[in-house]
Each structure stands twice: as structure tokens, then as C-alpha cells.
Amino acid sequence: MKLNVKNIRYLMSDDWRVLTATEMGSRNHEVVPTPLIAQIAAIRSGTGVHKCISNLAKIGLIAKVKNAKYDGYRLTYGGLDYLALHTHTKASTVYSVGNQIGVGKESDIFVCASETGKQLVLKIHRLGRISFRTVKANRDYLRNRQGGSWMYMSRLAALKEYEFMKALRQEGFPVPEPIGQNRHTVVMELIDAFPLRQISKVGDPSTLYAELLSLIVRLAQHGLIHGDFNEFNILVEEREESDNTVSLIPTIIDFPQMVSIDHANAEYYFDRDVACIKRYFDRRFGFTSDEPGPFFKDAIKIIVKRLDVDVQASGFSKKMAKELEVYMKEHGVDGDAGEVGAEEEADEADEEGEEGIDVDEDLVDDIDQGGVSLEGGPVTEDAPPSIEA
Ligand code: ADP
Ligand code: MG
């Protein structure tokens with residue numbers, strides 16, 4: 001799925017109003033009837049609304065859907081991307097967007113920059129991207145469950161990731177600094193490091209190994225299990241020390257699947273995280289520890305803090321956690337396993353032109369020159385109220 005931010009500069013305040021209106025309408029309409037869009041946007045001239053609608057549809061931010069009962073539009077992933085970026089720009093979190101550095105099954109990762117030129121990461125959650133290919137199943141699913149849409153679920157995933165990152169960071173865990181969250185996106189610090197997967201040699205694997213296992217234990221002592229603690233979600237910085245030795249500094253990322261130590265399968269997830277590290281160090285570095293464990297029961301003997309409970313209180317509720325978990329389970333969202341296959345599927349989806357907007361050559365040039373600024377046409381200050389929960 002591509003992100004073309006070039007058109008963002010050309011959108012006028014009425015375009016933003018109509019785009020926001022379509023988003024608001026999608027809260028309770030899978031296909032938002034055109035008259036409802038016009039009503040929510042409340043633009044005085046009727047022809048004005050239709051012009052905006054056709055502008056937005058032309059650049060793929062909304063898509064026309066012919067329905068048995070009525071015609072209308074739905075917001076596309078591209079449209080949601082624009083709304084989120086627009087908000088980040090207004091909040092001065094993001095100034096420009098550059099290269100894509102990651103494609104997962106459920107997310108796209110871009111480098112972006114703040115107003116002061118600081119490099120950041122923009123993570124766009126795309127839950128349900130794969131299941132768009134089974135459109136019918138998806139429709140049935142939507143019909144049966146209010147609020148169970150990809151948009152809502154992607155937003156939940158972003159909110160969850162942001163809230164956990166904030167809590168972990170505050171407790172001194174090695175995670176990126178969270179900068180902002182809006183809709184289905186999270187903006188965070190760019191870690192200048194590669195995933196463990198790309199590190200071919202480590203001087204002494206036992207130090208890094210022990211550190212990673214102790215992180216799993218420390219997380220549990222804070223009420224949490226990462227749930228996807230693998231070589232793609234551990235970034236390792238090689239830092240040269242004054243005595244010429246190289247230290248490996250890990251940073252943990254990717255939190256939408258985190259679970260509480262109270263989860264019914266907590267022990268299973270804990271053991272799986274531990275096994276993942278053991279297996280990887282064995283296969284990749286030929287390192288096997290003689291020590292058994294760590295074990296879940298021992299890890300939770302000392303509880304330092306309950307971040308799982310804190311996060312519930314601060315904005316990501318138990319109900320949201322449950323909704324997201326059920327959705328992820330039903331859609332087979334289970335971490336980075338099968339990364340390669342995921343990329344192929346994502347490419348296929350692009351070819352089918354289902355969602356998002358294709359990158360054009362000009363944009364690629366712009367990006368090569370250091371990112372595309374998002375500033376442009378007049379920004380609405382009087383846009384309809386945001387639909388943030
Ligand atoms: P996914 O849910 O798709 O696995 P991740 O959050 O794991 O998404 O990010 C995918 C990849 O993007 C990571 O493996 C890493 O290479 C890169 N990445 C993500 N966040 C950062 C960051 N803050 N700094 C540097 N690289 C990052
Ligand atoms: Mg990941």
C-alpha cells in the first residue's frame with residue numbers, strides 16, 4: 001500500500017471539510033450517502049460539495065460505492081492517511097514524509113521529519129488490509145458487528161501501541177520515544193539501529209541474550225508480556241565504547257499485541273517470547289544457554305508496577321483491548337511470522353488497486369531529495385469537530 005502525500009498540499013479547506021465529513025459519516029455507514037456528506041460538511045453552496053467530492057475521489061481519498069439501496073462514498077485508507085497527516089501537521093508533530101522503511105502485514109513504516117528537522121518514524125496501522133481481498137467475508141463481518149471496521153481496529157492498534165510505548169518509556173524501558181498518535185498512526189523517535197535479524201555477528205552473544213531475557217522478565221514484573229518478542233522487533237545499535245569494544249544496545253518496538261500478565265494465556269505468551277529468543281540465538285549465533293527458564297511463575301513473584309492496569313486507566317480500556325484481540329485473532333494477526341509472504345501479499349493488493357494511492361515518479365524524486373513537505377493550501381481552523389473517541 002502506497003502513500004502519496006503530494007496532493008496534500010493542494011487540498012483546500014472545503015476539501016478537508018468534505019473528507020472529514022465522510023470520515024464522520026463512516027462511523028455508522030459503511031457507505032456514506034452523498035446527501036449525508038453534504039449535510040455534515042455544511043458547505044453553503046451545493047455545487048461546492050460536489051466539486052470537493054469529485055476532487056477527493058479523483059485522488060483516491062474517497063471511493064464511490066454503488067449500493068443496492070443508494071449511492072455514496074467510503075473513506076479509503078488513503079483518505080484516512082491524509083486526515084491523520086493533516087492533524088499531525090497542525091499539531092506540529094510532522095512536517096514532511098520521506099522514505100518507506102518497512103512494510104508489514106498490518107503496518108507501513110515511513111521516515112518523517114519534525115519542523116526542526118528531527119528524523120522520526122511514522123507507523124501507519126493497516127489492520128484488515130489482507131482481508132480486503134476477501135471482500136465478501138469482510139462485508140458479512142461488518143454487517144454483523146458495529147464498529148468492527150478496519151478503520152476502527154487500525155485506530156485501536158495505534159492507540160494501544162502509543163499508550164504502551166508511553167508507559168514503558170516512562171518506566172525506563174528501552175523503547176522509542178513516543179511523539180504523537182492520531183487515528184491509525186503513531187509518530188515516534190527514529191532508532192538508528194537495525195533489527196536483530198540483520199545483525200550477522202555479535203562478539204559475545206551471552207551478554208545480549210541475557211539482556212533480552214531479563215527484559216522479558218522485567219516486562220512481566222511490570223504486568224506485561226510483549227507477545228511478539230522476535231528478531232524483527234528488537235532493534236540493535238552497535239555502539240563503540242572508549243575501550244574499543246562494541247556494545248549492543250537493544251530497543252524494543254511493535255506493541256499492538258501486548259498482553260497483561262492476567263491474560264488467560266499469559267504463561268503461553270511469556271514462554272513463546274522466551275523460546276523465540278532461545279531459538280534465534282541458537283540458530284543464528286550458535287549460542288545455547290545451559291540455564292533453564294526464565295519461567296513465568298518466577299517472573300511475576302516480584303511485581304514492580306502494573307503498567308497493564310495503568311494503561312487501561314489512561315485511555316486504552318479493557319473493552320478496547322478485548323475488541324482488538326478478538327479482531328486480531330479472527331484475522332490471523334500474529335506478529336511478524338511470515339514477513340516475506342506478507343510483502344508479496346501487500347504487493348498484490350497494490351496491483352489490484354484496492355486501497356491507497358500509487359506513488360508517482362515526481363514523488364519518488366521529491367522523496368530522494370529529502371522528503372515531501374505537507375504544507376500547502378489553506379488549513380481549516382473551522383473544520384467539523386474531530387471524531388476522536
Ligand atoms: P510491524 O507491525 O509491521 O511488524 P514494526 O513496528 O515492527 O511494524 O516495524 C517494522 C519495521 O520497521 C521494524 O522491523 C524496523 O525495521 C522498522 N522500524 C519500526 N519502528 C522503528 C523505529 N522507531 N526506528 C527505526 N526503525 C523502525
Ligand atoms: Mg514488527
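Laboratory data are not the source of any read-out in this text; all were calculated from the coordinates shown. Because the structure is a prediction, the values reported are computed rather than measured. When we count neighbours, we look across all protein chains shown, and the Cβ atoms used for this are built from the backbone with ideal geometry, even at glycine.
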Next on the checklist: Let's test the formula: R0 of 30 Å, r as the Cβ-Cβ distance of R9 and Y70. What FRET efficiency results, to the nearest 0.05?
Outcome noted: 0.35
Item to check | Projected area averaged over orientations for the range 1-74, convex hull of C-alpha atoms, nm² | outcome: 5.2 nm²
Item to check | Diffusion coefficient, µm² s⁻¹, Stokes-Einstein with Kirkwood Rh over alpha-carbon pairs of the range 178-265 at 37 °C and 0.692 mPa s | outcome: 223 µm²/s
Checklist entry - With a 10 Å Cβ neighbour count serving as the proxy for reagent exposure, in which order, fewest first, do F110, F173 appear? => result F173, F110
Checklist entry - Hey, which lysines would be in cross-link range of K297, C-alpha to C-alpha under 17 Å, not counting anything within fewer than 8 residues on its own chain? => result K305
Checklist outcome for this item: Listing Y73, Y209, Y162, Y10 by rising number of other beta-carbon atoms within 10 angstrom, fewest first, gives Y10, Y209, Y162, Y73
Item to check | Total formal charge among the other residues, if their Cβ is under 9 angstrom from that of H226, Lys/Arg +1 and Asp/Glu -1 | outcome: -3
Next on the checklist: Taking the number of other C-beta atoms within 10 Å as the exposure measure, put S242, S96, S317, S54 in order starting with the fewest.
Outcome noted: S242, S54, S317, S96
Next on the checklist: Using a Förster radius of 41 Å, what is the FRET efficiency between S200 and K51 based on their Cβ-Cβ separation? Nearest 0.05, please.
Outcome noted: 0.15
